[in-house]
Amino acid sequence: RRGAMLHLVPPPARPFAPVAVGCPSEVTLPSGFVARLGCTGNGRHRAWLAAELTRGRLAWRSLAPGERFGGRRAGALLAAAGVAREARKAWPVLLSGDRMVWLPGVAVAFRCEGNATTGIVAELEEPW
């Protein structure tokens, strides 16, 4: 209960260490999310990324406390996108090398955007 409203929220997820992936790939992350690159399924969050990103090391990891994306606090961006507080602690982000290239539910990083013709699809399916 938050104030006069009853909110149904997912169980708290735990942050997790980076999980290296290739392309194409489908991986179930420790927090229960299913992440896909280069293939699609039933994910609610989907984005097109620049194909060049596959030349580097790709990994999924949970959002770090206080981390920023596009100059703003990533947690605030996720809150504005409607992601429950309990889920934000372990929200998956996609990295290329050490750079966050996709914050699912929010946006693809500048100069990492792709399209259906020349890019690769990335998808995130929530566990609930």
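Just so you know, all these numbers are worked out from the coordinates, no wet-lab data involved. These numbers were taken from a predicted model, which means no experiment stands behind them. Because the Cβ atoms are built from the backbone with ideal geometry, glycine has one as well, and the counts that use them run over all protein chains shown.
Relative to the compact globular guide of 2.2 N^0.38 Å, what is the alpha carbon radius of gyration of the chain, as a ratio? Let's see the in-between values first.
Details: Rg = 14.4 Å, N = 128, 2.2 N^0.38 = 13.9 Å.
With N residues counted in the chain, Rg over 2.2 N^0.38 Å equals 1.04.
Place the peptides 65-75, 96-106 in order of packing, highest mean first, counting for every residue the other Cβ atoms within 10 Å and averaging per peptide.
On the way: 65-75: 13.5, 96-106: 18.8.
With the highest mean Cβ count within 10 Å placed first, the list reads 96-106, 65-75.
Report the label-to-label distance for THR117 and ARG85 in nanometres (one decimal), using points 7 Å from each Cα along the Cα→Cβ vector.
The answer from the label model is 4.6 nm.
Short version: ³J(HN,Hα) in whole Hz for each residue of the range 64-71, in order, from phi by Karplus 6.51 cos²θ - 1.76 cosθ + 1.60 (θ = phi - 60°), x for Gly and Pro, what are they?
Karplus values, whole Hz, x for Gly and Pro: 7, x, x, 5, 10, 9, x, x.
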